[in-house]
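Here's the structure, in structure tokens; my notes come after.
Nothing in this text is a laboratory measurement; each read-out follows from the coordinates by a stated rule. Just so it is clear, the model here is predicted, and its values are computed rather than measured. Glycine also receives a Cβ, built like all others from the backbone with ideal geometry; neighbour counts cover every protein chain displayed.
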Amino acid sequence: MKAIAYLNQFFGQVGGEDQADYEPTLHEGTLGASGLLNSLMPHVEVTHTVVCGDNFAASHTEEAIKRILGFLEDKEFDLFFAGPAFMAGRYGNACGAIGKAVKERFGVPVISSMNEENPGVEMYKQALYIFPGGRKATFMKKDLEVMAAFGEKLATGQPLQCASEEGYYVRGIRHEVFLEEPVMAADRAVAMMLKKLKGEPFVSELPIPKMDKVTPAPAIPDLSNMTIALVTSGGIVPSDNPDRIQSASATKWGKYDISELEVFPVPDYKTIHAGYDPEAADTVPDRVVPLDAMRAYEKEGRFKKLYDYYYVTVGTGTTQGEAARMGREIAEDLKKAGVDAVILTAT
Amino acid sequence: MAKEIERAGFTITTMCNLLNVAKSMGNNRLVQTVSVPYPLGNPQLSKEEEWKLRYHRVGVALDALTKDVEGYTVFPVKI
């Protein structure tokens, strides 16, 4: 069988974060991580590798998809691999969006790997085979082995089991299967009910996915008497980073006094976020936290007051659990301060 | 993070680049930003143009606070 692989600029050997705007290219054969993938699959040949920068894929998703589908139009392939994307949010998003488009256009299975905390999992697990992966690139070999093993399985036509047995994230697709020992559905349901009544463990045949949604907070039709706070996950901090907020996988947040500031002075403030090229943010921190624009609206009387402190953490590699905890802590602080509403900027 | 702040009762507008991610996270009021490294600016623009862009998008975010929404809602920007 033939396969095509998708990699970002790091793993496609273009360069680091400074190359994140790299436009999609198609390469004959393998390069970087796709070479290892190829070597792990005796029955599958990786004939081409697509490389695209994470920023380009994130900011010009439609364009990236269009160009990549164009590259693949005249190629023969049976499988498409994307990633592994570990916990890299932009990369996971790109693998998912491009993988989904490839699957829809060419009807081939798409195999990826992402850490469970990668937002790409939630967004694309229904469309692709996404296997649980490590948090960072040190898991490259391990994650590729998992992807390769499944690719081999598809290539050699072995029968597939359900998601929990194959190991990929549940896609929510139901297949009809014949049980080795036939027990009719009514009997299985009654058996399950009896177990439930006795308080014994049982496995549902129809798990209902839970989606954690928050009811939208009510509109504030008139802001003129309201205090608004700025919150960011973009990592803008006083340049000495007094609270030692981590540049990635943050567990800390800070609040800093802006009551005397009209704009963020340079170089007194900068970003410590390790997930994007800091050049633009360090030159003008207001590009990430729009203090100047908020001051302008405050002066116009659009709202009463910009709260004296802004809140900051770093949103790269940060787990959803930590982000939620920091969100709750910040909310508590905002309550004490009598803040009415929030503008949050994310990078 | 935005979700927990909203859960605590604050009306909040999230300004971000990857709308799909925000959607999957359950954010409600959203305004799209320019890019990841410069959400509310663009080094390729003149200072005046950049200011206009930032002022406009922050204005849309403030407007969003004044509007009731049922769920995931993106407030469109003009620049």
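Within the protein assembly as shown, what percent of beta bridges assigned by DSSP are antiparallel, to the nearest 5?
Once the DSSP bridges in the protein assembly as shown are tallied, antiparallel ones form about 25 percent.
Going through segment A:1-101, which trypsin sites (Lys or Arg not before Pro) have at most 16 other Cβ atoms within 10 Å and a DSSP loop state?
Numbers: sites: A:LYS2, A:LYS66, A:ARG67, A:LYS75, A:ARG90, A:LYS100; in loops: A:LYS75.
Hits after loop and neighbour filter: A:LYS75.
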Under 19 Å between C-alpha atoms, the lysine pairs in segment A:2-166 lying 8 or more places apart or on different chains count 14
Once both label points are put 7 Å beyond Cα along the C-beta direction, the A:TYR256-A:GLU279 separation in nm becomes 2.2 nm
Taking the alpha-carbon centre of each part, the distance from segment B:4-33 to segment A:111-159 in Å is 28 Å
Length gained, A:GLU298-A:LEU26, 0.36 nm per residue minus C-alpha separation, equals 92.9 nm
With x for Gly and Pro, the residue-by-residue ³J(HN,Hα) of segment B:39-44, computed from phi through the Karplus equation 6.51 cos²θ - 1.76 cosθ + 1.60 at θ = phi - 60° and given in whole Hz, is x, 10, x, 6, x, 7
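State the extension gain, in nm to one decimal, for the chain segment bounded by A:SER249 and A:GLN126, taking 0.36 nm per residue of separation less the distance between their alpha-carbons.
Numbers: separation 123, 0.36 × 123 = 44.28 nm, distance 2.65 nm.
Roughly 41.6 nm would be gained on extension.
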Phi-derived 3J(HN,Hα) across segment A:270-287 with the Karplus relation (6.51, -1.76, 1.60, θ = phi - 60°), rounded Hz, x for Gly and Pro, is 7, 9, 10, 5, 8, x, 8, 5, x, 3, 5, 6, 5, 5, 9, x, 5, 5
Rounded to the nearest Å, the spacing of the alpha-carbon centers of segment A:3-48 and segment A:166-237 is 35 Å
Within chain B, DSSP-loop GluC sites (Glu not before Pro) with at most 14 other C-beta atoms within 10 Å are B:GLU70
Rounded to the nearest Å, the spacing of the alpha-carbon centers of segment B:58-75 and segment A:80-102 is 30 Å
Once phi for every residue in segment A:322-332 is put through the Karplus expression 6.51 cos²θ - 1.76 cosθ + 1.60 (θ = phi - 60°), the whole-Hz ³J(HN,Hα) values, with Gly and Pro written as x, are 5, 4, 5, 4, 4, x, 5, 5, 5, 4, 4
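Please identify the trypsin sites (Lys or Arg not before Pro) of segment A:140-240 that satisfy two criteria: DSSP loop assignment and at most 15 other Cβ atoms within 10 Å. Which are they? Don't jump to the answer; show the numbers that get you there.
Numbers: sites: A:LYS141, A:LYS142, A:LYS153, A:ARG171, A:ARG174, A:ARG188, A:LYS195, A:LYS196, A:LYS198, A:LYS210, A:LYS213; in loops: A:ARG171, A:ARG174, A:LYS210, A:LYS213.
Those that pass, being in a loop and sparsely packed, are A:ARG171, A:ARG174, A:LYS210, A:LYS213.
Calculate how many DSSP beta bridges within segment A:227-345 are antiparallel, expressed in % of all such bridges and rounded to the nearest 5.
Values: 8 of 17 bridges.
Given both bridge residues lie in segment A:227-345, the antiparallel proportion sits at roughly 45 percent.
Classify chain A from the C-alpha gyration tensor, please: rounded if a/c falls under 1.5, else prolate or oblate depending on whether a/b exceeds b/c.
Details: a/c = 2.56, a/b = 1.44, b/c = 1.78.
Cα axes put chain A in the oblate bin.
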Shape call for segment A:227-345, from the Cα gyration tensor axes a ≥ b ≥ c (a/c under 1.5 means rounded, otherwise prolate when a/b beats b/c, else oblate), comes out oblate
